[in-house]
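Notes follow once the structure below has been shown.
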Amino acid sequence: MTLDDSESIQAYRNRVMIYANDLWREKDPQKRVTLSMYLADAATTLARLEAEEAKIGV
């Protein structure tokens, strides 16, 4: 993985962790909505990437 590989499985794992932590700390309801949507999108993509990786066996 290179540093600029924003579509890699590791990048999505990091993104999900960051969004989840940010959501946990956020108090503003509107910002929580936005963070929740970002988290859902990133988690969905991560799930697809994890499934692909499991199929390949890498």
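Nothing in this text is a laboratory measurement; each read-out follows from the coordinates by a stated rule. The model shown is predicted, which means the values in this text are computed figures rather than measured ones. Neighbour counts run over all protein chains shown; Cβ positions are idealised from the backbone, glycine included.
Here residue 23 does not qualify as aliphatic (A, V, I, L, M), touching a Phe, Trp or Tyr at 6+ places or on another chain (Cβ under 6 Å) and part of a helix (DSSP H, G or I).
Per the conditions (1) out of contact with any helix residue (DSSP H, G or I) (no Cβ under 6 Å at 6 or more places or on another chain); (2) surrounded by 11 or more Cβ atoms within 10 Å (Cβ to Cβ); (3) charged (D, E, K, R), the sole criterion not satisfied by residue 55 is (2). Is it true that some residue in the range 33-51 is free of Cβ contacts under 8 Å to residues at least 40 places away in the same chain and more than 16 Å from the chain's Cα centre (by Cα)? No: the range 33-51 contains no residue that is free of Cβ contacts under 8 Å to residues at least 40 places away in the same chain and more than 16 Å from the chain's Cα centre (by Cα).
For residue 36, indicate whether it is small (Gly, Ala, Ser) and not in a helix (DSSP H, G or I). No: the conditions fail for residue 36. Among residues belonging to the range 6-46 that are within 20 Å of residue 56 (Cβ to Cβ) and of a type in the set (Gly, Ala, Ser), point out the one that is surrounded by the fewest Cβ atoms within 10 Å (Cβ to Cβ). Looking at the filtered set, the residue picked out is 8.
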